[in-house]
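Quick notes on the structure that follows.
The values are calculated or read from the model by the stated rules, or taken from the named source; none is laboratory data. Remember, predicted model here, so these are calculated numbers, not experimental data. Cβ coordinates were reconstructed from backbone atoms using ideal geometry, including for glycine residues, and neighbour counts include every protein chain displayed.
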Ligand SMILES: [Zn+2]
């Protein structure tokens, strides 16, 4: 029998290959090779980890619920598509700008002012971070001023990158830097431990 180069997909397992295909199409940079550490960019990793180790005002589980609700509202077929598209499904437009820090509000609460980046993965993470700022602002307004911190914002950023319902697919995620995925995994363990 001739060698079959493209075997048929097994029945009942259509979802995962579709996700894998979408992930491959969305892959902005090649997968890290064995000569590079998987979680490259140690300074960014340490910086975000330090943010997460700051004071949280909200229970981890509530922040994870918020990310889950945003993904339900966005209703994307695949959770790891472009964060710009994800934000758009929620009514937010990402605007590249050079004005400085994060959490900046401008003419409209539905415009996310995201610092430019030459690197698409870092840009994607910045879009999710600004989306987290915007969603928590909206959340605070709906709850009469209940406060949150920048640790909460970073937690939500990572949970928006990989919502709870997609944690089992985290190895397919290619839309944010690897260090962010590593931190998301750590957060997931922290949520389970706090339950
Ligand atoms: Zn911020």
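Looking at this structure, is residue 99 touching a strand residue (DSSP E or B) at 6+ places or on another chain (Cβ under 7 Å), more than 20 Å from residue 173 (Cα to Cα) and either within 16 Å of the ligand (Cβ to nearest atom) or modelled with pLDDT under 95 (or both)?
Yes.
Quick one: which of 129, 150 is within 11 Å of the ligand (Cβ to nearest atom), in contact (Cβ under 8 Å) with a residue 24 or more places away in the chain, at negative phi and crowded, with 21+ Cβ neighbours inside 10 Å?
From the options 129, 150, the qualifying one is 129.
Answer with yes or no whether residue 88 is within 15 Å of the ligand (Cβ to nearest atom), modelled with pLDDT of 95 or more and either in contact with a strand residue (DSSP E or B) (Cβ under 6 Å, 6 or more places away or on another chain) or not in a loop (DSSP other than H, G, I, E, B) (or both).
no
Only one of (1) modelled with pLDDT of 95 or more; (2) within 15 Å of the ligand (Cβ to nearest atom) is not met by residue 70, so which one is it?
(2)
Taking the range 38-52 as the search range and keeping residues that are farther than 18 Å from residue 150 by Cα and surrounded by 12 or more Cβ atoms within 10 Å (Cβ to Cβ), which one is modelled with the lowest pLDDT?
38
Are any residues in the range 102-115 part of a loop (DSSP other than H, G, I, E, B) and either away from the ligand (no atom under 16 Å from the Cβ) or closer than 17 Å to residue 160 by Cα (or both), and if so, which ones?
102, 103, 107, 108, 110
Taking only the range 116-126 into account, find how many residues are within 12 Å of the ligand (Cβ to nearest atom) and in contact (Cβ under 8 Å) with a residue 40 or more places away in the chain.
Qualifying residue count for the region: 1.
Please state which one of 166, 180 is under 9 Å from the mean Cα position of the chain (by Cα) and either within 16 Å of the ligand (Cβ to nearest atom) or part of a helix (DSSP H, G or I) (or both).
Criteria check complete, one pass: 180.
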